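Down below is the structure, laid out as structure tokens.
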Amino acid sequence: MNGDFTLFTPTKVVFGHDVETRAGEFVKAFGGTKVLIHYGGQSAVRSGLLARVEDSLKKENIPYVTLGGVVPNPRLEKVYEGVALCKANGVDFLLAVGGGSVIDSAKAIAYALAEPEHDVKELYEHTRAPKACYPLGVVLTLSASGSEMSDSSVISYEDKKRGVNSDLCRPKFALMDPALTKTLPAYQTAAGCADIMMHTMERYFVNGNRMELTDAIAEGLLKTVMHNALVLRDDPENYAARAEIMWAGSLSHNGLTGCGNDAGDWACHRLEHELGALYDVTHGAGLTAVWPAWARYVMKNCLHRFVRFAVNVMGVAPGATDEETAEKGIDALTAFFRSIGMPTNLKELGVSPTEDDFKLLAKNCAIAVGGKIGSAMPLYEKDMEAIYRAAKE
Ligand code: NZQ
Ligand code: ZN
């Protein structure tokens, strides 16, 4: 029923300066005796973070193995590599040191270890549901995906990018030191802010019941992220702004900003996942590239929410009609995305799909969602194709 909800957010959040040096303490508290430290390319090595995390495990006498090399849009091959390494070493706890890609890869390994008789790929193919998952903890280096508290893991394989959702994979703890995000390139910081906003907006643009408190939290979160994204654009070293963004990232995707709605819209995410699969684009940038076209396509079907968004979030003066107000809100958010260096169409994203590509993207998206997606407006394959096409330039 609309208005009913379940919120399950079991992750212990430890937030602030130098919390990464306590990783060993928390692994021990949650029962880990042999750890896989999972990380990405070079950023955690270069900054000395990995060494600090290793030291914290040594301090607690917890043995560990390490596996780096997780790429953005993380690959199933790396998951299998991690599973083999963990099995060979008797790993019973996963420690992800990184952003969403590393966390999601660790979640996939954790699923695979818990049900070793099955191929973990089946979870992402949705041919079976997970029944168990090994415990994992997170040292977060990028505010974006919200995976440090979310129930989701998104993995790429073949020409697909697919997610699986289950409370089983919610991390046991998340160590969040905003200072760790200061080494991010400006583009990743901005893409992260966009992704954070989209996790709340996917829950905001819905038809059906809403709760006033949930709307107020959502609107406050969106305004906070926009304000601090601009602060960071001009002053990337600003710790306070990094802290606001980091906390927003977790709250935007742990379920809080969706309480009492009808499970969200999620069309932009699913449209983006196909762009990620085909062109390996940065997730947050892919989202901002499709959002304006999506918003214009669905606006009339969810007008009251677009009007509310325009006035309460973007602060625009109401126009002569609701449609005018809604359009002003869409224009304002599009301009905001541009102001932080995010693309607002596919051309700006750097991809130019052919006619066949538009069809393929829409076909794959429709298959991935089981035919239909969206609450602001239910979208079918023909709608998806029209939105991709409208997002061209
Ligand atoms: O690999 P390294 O060298 O670490 O570089 C990474 C990577 O190139 C870099 N980076 C991360 N922390 C850094 C840093 N560079 C300097 N300093 C730091 N502190 O940033 C790049 C991107 O990292 P990635 O983990 O890919 O980014 P993000 O956190 O945005 O994660 C994106 C992935 O998460 C998925 C996306 O689809 C995408 O695959 N999502 C996961 C969700 C979930 N599990 O709940 C929800 C999201 O909607 C999303 O779909
Ligand atoms: Zn996202």
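Comparing Cα centroids, the range 272-299 and the range 195-256 end up 19 angstrom apart.
Summing -39500 (n - 2.57) over the DSSP H runs of n ≥ 4 in the chain and dividing by its residue number, what mean residue ellipticity at 222 nm do you reach, to the nearest 500 deg cm²/dmol? Spell out each step's value before the answer.
Details: 16 runs with 194 residues, N = 393.
Computed mean residue ellipticity for the chain: -15500 deg cm²/dmol.
In sequence order, the range 29-44 has phi-based couplings of 4, 9, x, x, 10, 9, 10, 9, 8, 10, 8, x, x, 10, 4, 6 Hz under the Karplus curve 6.51 cos²θ - 1.76 cosθ + 1.60, θ = phi - 60°, and Gly or Pro positions carry x.
Amide H to amide H distances under 5 Å link G69 with Y39, G40, G41, where only residues 5 or more positions off or on other chains count and H is placed in the peptide plane. In the context of the full set of protein chains, the range 223-316 has a per residue accessible area of 33 Å² (1.4 Å probe). Here the Karplus relation 6.51 cos²θ - 1.76 cosθ + 1.60, evaluated at θ = phi - 60°, turns the backbone of the range 359-367 into coupling constants of 5, 5, 4, 5, 4, 5, 5, 4, 5 Hz, with x for every Gly and Pro.
How much FRET efficiency would the formula 1/(1 + (r/R0)^6) give for A29 and T9, where r is the Cβ-Cβ distance and R0 is 25 Å, rounded to 0.05? Efficiency at R0 = 25 Å is approximately 0.85. Heavy-atom accessible area with a 1.4 Å probe sorts W247, W294, largest first, into W247, W294. Here the label points at E355 and M211, each 7 Å from Cα along the C-beta direction, are separated by 5.0 nm in the simple model. Of all the options P130, P116, P178, the one that moves most in a Gaussian network model of the chain with Cα springs shorter than 10 angstrom is P116.
Between R242, R170, R46, the GNM of the chain built on Cα springs shorter than 10 angstrom shows R46 fluctuating the most.
Within the P(r) computed for the chain, what percentage of the Cα pairs occupies the region above 26 Å?
On the way: 38949 of 77028 pairs.
Everything past 26 Å amounts to 51 percent.
Using +1 on the beta carbon of Lys and Arg, -1 on that of Asp and Glu, and nothing else charged, what's the dipole of the range 186-390 about the Cα centre, debye to 20? Numbers along the way, then the final one.
Numbers: 18 positive and 26 negative charges, 43 e Å.
About 200 debye.
Each Lys and Arg contributes +1 and each Asp and Glu -1, all at the Cβ; summed about the Cα centre of the chain, the dipole is approximately 460 debye.
If you wrap the tightest convex hull around every Cα atom of the range 12-180 and split its volume per residue, you get 95 Å³. Dipole size of the range 253-313 about its Cα centre, with +1 on Lys/Arg Cβ and -1 on Asp/Glu Cβ: approximately 340 debye, rounded to the nearest 20. Accessible surface of D234, taken over heavy atoms with a 1.4 Å probe and every protein chain present, rounds to 110 Å². Just how many % of Cα pairs in the range 242-393 lie over 28 Å apart, if you round to the nearest whole percent? Tail of the P(r) past 28 Å holds 19 percent of the pairs.
Just reorder E219, E348, E237 by solvent-accessible area, largest first, 1.4 Å probe, all chains present.
Details: E219 15, E348 90, E237 110 Å².
Ranked list, largest accessible area first: E237, E348, E219.
Pairs spanning more than 19 Å between alpha-carbon atoms, out of K359/K382; K121/K161; K182/K347; K363/K392; K58/K78: K182/K347; K58/K78. Each of M384, A267, A108 was scored by the projection of its Cα onto the charge dipole of the chain, and the greatest displacement toward the positive side belongs to A108; charges sit on the C-beta of Lys, Arg, Asp and Glu. In the assembled protein chains, I62 presents an accessible area of approximately 10 Å² (probe radius 1.4 Å).
With springs only between Cα atoms under 10 Å, which of H283, H38, H126 fluctuates most in a Gaussian network model of the chain? So, out of H283, H38, H126, the one fluctuating most is H126.
Farthest toward the positive end of the dipole of the chain, out of N165, W294, C133, is the Cα of C133, where the dipole comes from beta carbon charges about the Cα centre. Roughly what % of Cα-Cα distances in the range 217-280 sit above 13 Å, to the whole percent? Result for the distance tail: 70 percent. Derived scalar couplings between HN and Hα for the range 221-230 equal 5, 4, 5, 5, 5, 4, 4, 6, 5, 6 Hz in order, rounded to whole Hz, by the Karplus curve 6.51 cos²θ - 1.76 cosθ + 1.60 (θ = phi - 60°), x for Gly and Pro.
Give me the net charge for the shell around L140: Cβ to Cβ below 11 angstrom, other residues only, Lys and Arg +1, Asp and Glu -1. Walk me through the numbers before you get to the answer.
Details: positive: none; negative: E20, E148, D177.
Spelling it out: positives minus negatives among the neighbours equals -3.
The solvent-accessible area of F30, taken with every protein chain present and a 1.4 Å probe, is close to 80 Å². Of the solvent-accessible surface of the chain, computed with a 1.4 Å probe and all protein chains present, 53% belongs to carbon and sulfur. Based on the Stokes-Einstein relation at 25 °C and a viscosity of 0.890 mPa s, and on the Kirkwood radius from alpha carbon pairs, the range 268-356 is assigned a translational diffusion coefficient of 179 µm²/s. Residues whose amide H lies under 5 Å from that of V139, counting only those 5 or more places away or on a different chain, are A96, V97, G98, L175; hydrogens are built 1.01 Å from N in the peptide plane.
Taking amide hydrogens as placed 1.01 Å from N in the peptide plane, the amide H of H118 sits under 5 Å from that of no residue at least 5 positions away in sequence or on another chain. Of the residues M377, M299, M211, ranked by 1.4 Å probe accessible area with the largest first, the sequence reads M211, M377, M299.
The values are calculated or read from the model by the stated rules, or taken from the named source; none is laboratory data. Everything quoted here is computed from the prediction, not taken from an experiment. Note that each Cβ is placed from the backbone with ideal geometry, even for glycine, and that neighbours are counted across all protein chains shown. Note: areas computed on protein heavy atoms with side chains; ligands, DNA, RNA excluded. Shrake-Rupley method; radii C 1.70, N 1.55, O 1.52, S 1.80 Å.
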